[in-house]
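Only one structure is covered here, and it is reproduced in the block below.
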Amino acid sequence: MKRILILGCNEITKRLVLALCADRSLASGIALASQNKEDCDDLKNLAMRRGFRVTTSAINLDNPEGAMMMVKIIAPELIVNLMPPEFTQAAMDMAAQVGADYIDGRLCGVPLMPQPTSLLSEQFRKFGAFQHAKKTAVCGAGFNPGVLTTIVRNAAANDFFEVSSVNFCVIPGEAQNKAEKKETAEDSNHVDVLYSEDIKNPNAGKGVSAAQPVIYLKEGKAAQTEEFSRDGKSSDGRQVFMTSNPVITDFLKEIPEISEAAYFEPVERREGRKVPTEKIEMLRSLGLLSEKPVKVGNIVIKPIDLVAEILPKRMAETANPAADKDVIYKGEASYEIYVTGQKNGKVLTKLYKISADNDQIRDKYGVSAFEYLDGTAMIAGVKLLCLDKWSKPGVFTPAAFPANLYFEALKNEGVIVEESESKPL
């Protein structure tokens, strides 16, 4: 049982509050904080009608001192972060400083091309802080990568002697009613963002964006290929293409015994991004793109490396095909996981499928099927932290904990995994 602070107010918040109200063994108190306190107050009233006391507050994570003061007053033992990715680092800092466990649903700042020495995501920069505080931070506890890796690890433990490869096939449903989006001044400025990868691009200054490679696992290492170079068919015959996804990096870091993995989804060919050449030329004219090392104090560094470190990076965020708010998805959405390995001396492939109906879920909850499944995964993860079943100092993804714990928690939340023998994707 923990005092819980939930940051952010959305449909997942509502479902989580109702789940905590229904099981009084999980939370000794709930505090809600978001940029819009009125939304929190609506949930407060909902909880109070169920006999559970909830406190609410406005929070501005752009003001760390003010936010920290509010959090210290609440003194939470667990912080649930449901705010946008740009607030993740601030939320984790608060949790570590007040000595609270922490959970969020996505990985932020996953390297486009992971290396054995690179961090799984930006959240792992906080590993030392949580280890020092002797608290647990679980990141990426949504469906992707948390649930996907858990299903694979559970399958490897129970259905196979050895797993050789895994392919993910993700179908968000049928895209309908794409809304027209008028370009705003903010959108226009975003087009001109200069990224770290742009200045290292051989075509820098020519207006051509650096190619975005597709990352997959091959022989236990991250490999890359071109977009649309590999395709497959989902269980219903839909064409899907291999794309990059943070679940691949999660495998590389947390499940190294599985040496082959790839992620597929329906994608459309799109025009390349335009690079702001005038910004590159300005940096070049100032000598800031020079490869010649210079000495700054006791440090020798190439100017281009310094600029590349300062500029924002085009890092892969946890992909959610249904995250585009301009698209409404209808019909069945599904996660398909094709696991190939050995059992009883034979090589076989099993398909693990989780599906949900966009139309039914949108009518009931006002969100897409994938958003609903992400919320369900978060609720299961919060319960595990409340019961101290996920507990060790540092920052982890669900893959770092026994797979059966999360798998059973998901089943208890109504997640049904259909299993069948299959051909490889």
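The values are calculated or read from the model by the stated rules, or taken from the named source; none is laboratory data. Here the structure is a predicted model, which means the values were calculated and not measured. Here the Cβ is made from the backbone with ideal geometry for all residues, glycine too, and neighbour counts use every protein chain on show. Heads up: the accessible areas ignore ligands, DNA and RNA and are worked out on the full protein's heavy atoms, side chains in. Shrake-Rupley method; radii C 1.70, N 1.55, O 1.52, S 1.80 Å.
Taking region 91-100 only, how many residues are out of contact with any helix residue (DSSP H, G or I) (no Cβ under 6 Å at 6 or more places or on another chain) and not in a loop (DSSP other than H, G, I, E, B)? Residues in region 91-100 being out of contact with any helix residue (DSSP H, G or I) (no Cβ under 6 Å at 6 or more places or on another chain) and not in a loop (DSSP other than H, G, I, E, B): 4 in total.
The set of residues from region 313-331 being modelled with pLDDT of 60 or more and either within 22 Å of the chain's Cα centre (by Cα) or open to solvent by 30 Å² or more (accessible area, probe 1.4 Å) (or both) comprises K313, D326, V327, I328, Y329, K330.
No other residue among D374, D359, D388, D363 is among the charged types (D, E, K, R), in contact with a Gly (Cβ under 6 Å, 6 or more places away or on another chain) and more than 19 Å from A157 (Cβ to Cβ) apart from D374. In region 358-380, the residues that are among the polar types (S, T, N, Q) form Cβ pairs under 6 Å with partners that are in a helix (DSSP H, G or I), at six or more places apart or across chains, as follows: N358/A369; S368/N358. T397 satisfies every condition listed in (1) touching a Lys or Arg at 6+ places or on another chain (Cβ under 9 Å); (2) free of Cβ contacts under 8 Å to residues at least 60 places away in the same chain except (2). Going through (1) part of a helix (DSSP H, G or I); (2) out of contact with any Leu (no Cβ under 9 Å at 6 or more places or on another chain); (3) surrounded by 17 or more Cβ atoms within 10 Å (Cβ to Cβ) one by one, S334 falls short only on (1). For region 1-15, residues that are outside any helix (DSSP H, G or I) and of a type in the set (V, I, T) total 2. Tell me, yes or no, whether region 16-34 has at least one residue that is without any contact (Cβ under 8 Å) to a residue 60 or more places away in the chain, closer than 24 Å to D374 by Cβ, open to solvent by 30 Å² or more (accessible area, probe 1.4 Å) and part of a loop (DSSP other than H, G, I, E, B). The answer is no; no qualifying residue exists.
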